[in-house]
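Trainee: Quick one: structure below, then a few questions.
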Amino acid sequence: MTARDMQPTISRQELAAARPGRQVQVTFEVLEVTALSGGELLDGLIADPDPADPLTRYRRTAVPVRVRRGRDTPIVMGKPAHLTAGALLRAHGKLLPGGEIDAEIIAVLSRFATLHDQPDPGGT
């Protein structure tokens, strides 16, 4: 995932409408990390892209998301130690039945993007 490849992530509404098997990209705030034998389970809340700046500004939602990261899932713009509660992450992967996302790559956005409460303080 390079800056040139970056497209805005999908919103909570688009994720809710997506069918299992579809490739999705979501941004989310991590609430809890659970170690698994082959990686981690990241539970968090979807962060909707802000229309004013959909690549670096996000709006906090109350919509839960669960992302599964395998031991070999690449992490860009950070390292495994950055996958902690409070981190802002972007995950690209396949939507599984039940709504879990099987991550193919994860980007750590915590140092490069901002997260704001709803409604957007910029007024958009």
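The values are calculated or read from the model by the stated rules, or taken from the named source; none is laboratory data. Remember, it's a predicted structure, so these values are computed and weren't measured experimentally. As a convention, Cβ positions derive from the backbone with ideal geometry for all residues, glycine included, and neighbour counts pool all protein chains shown.
Trainee: Going by the structure shown, is Gly38 of a type outside the set (S, T, N, Q), modelled with pLDDT under 95 and touching a Lys or Arg at 6+ places or on another chain (Cβ under 8 Å)?
Mentor: Spelling it out, Gly38 is indeed of a type outside the set (S, T, N, Q), modelled with pLDDT under 95 and touching a Lys or Arg at 6+ places or on another chain (Cβ under 8 Å).
Trainee: Give me the pairs, please: first residue somewhere in the stretch 29-42 and over 15 Å from Ile101 (Cα atoms), second residue anywhere and of a type outside the set (Lys, Arg) and surrounded by 20 or more Cβ atoms within 10 Å (Cβ to Cβ), beta-carbon distance under 6 Å, and either six or more positions apart or on two chains.
Mentor: Sorted first by the residue in the stretch 29-42, then by its partner, the pairs are Leu31/Gly44.
Trainee: Okay, next question. Name the pairs whose Cβ atoms lie under 6 Å apart, with the first residue in the stretch 1-28 and modelled with pLDDT of 95 or more, the second hydroxyl-bearing (Ser, Thr, Tyr) and part of a strand (DSSP E or B), and 6 or more positions between them or separate chains?
Mentor: Thr27/Tyr58
Trainee: For the stretch 23-48, give me each residue that is loosely packed, with under 14 Cβ neighbours inside 10 Å and either in a loop (DSSP other than H, G, I, E, B) or at positive phi (or both).
Mentor: Ser37, Gly38
Trainee: Among the strands (runs of 3 or more DSSP E) lying completely within the stretch 49-122, list those that include at least 2 residues that are surrounded by fewer than 17 Cβ atoms within 10 Å (Cβ to Cβ) and touching a Cys at 6+ places or on another chain (Cβ under 6 Å).
Mentor: Filter on the stretch 49-122 gives an empty set.
Trainee: Considering Pro51, Pro97, Pro119, which residue is closer than 14 Å to Ser11 by Cα and either at pLDDT 95 or above or not β-branched (Val, Ile, Thr) (or both)?
Mentor: Just one listed residue meets the conditions, Pro51.
Trainee: Next up: When the stretch 47-82 is examined, which residues are found to be in contact with a helix residue (DSSP H, G or I) (Cβ under 8 Å, 6 or more places away or on another chain) and within 16 Å of Leu96 (Cα to Cα)?
Mentor: Val65
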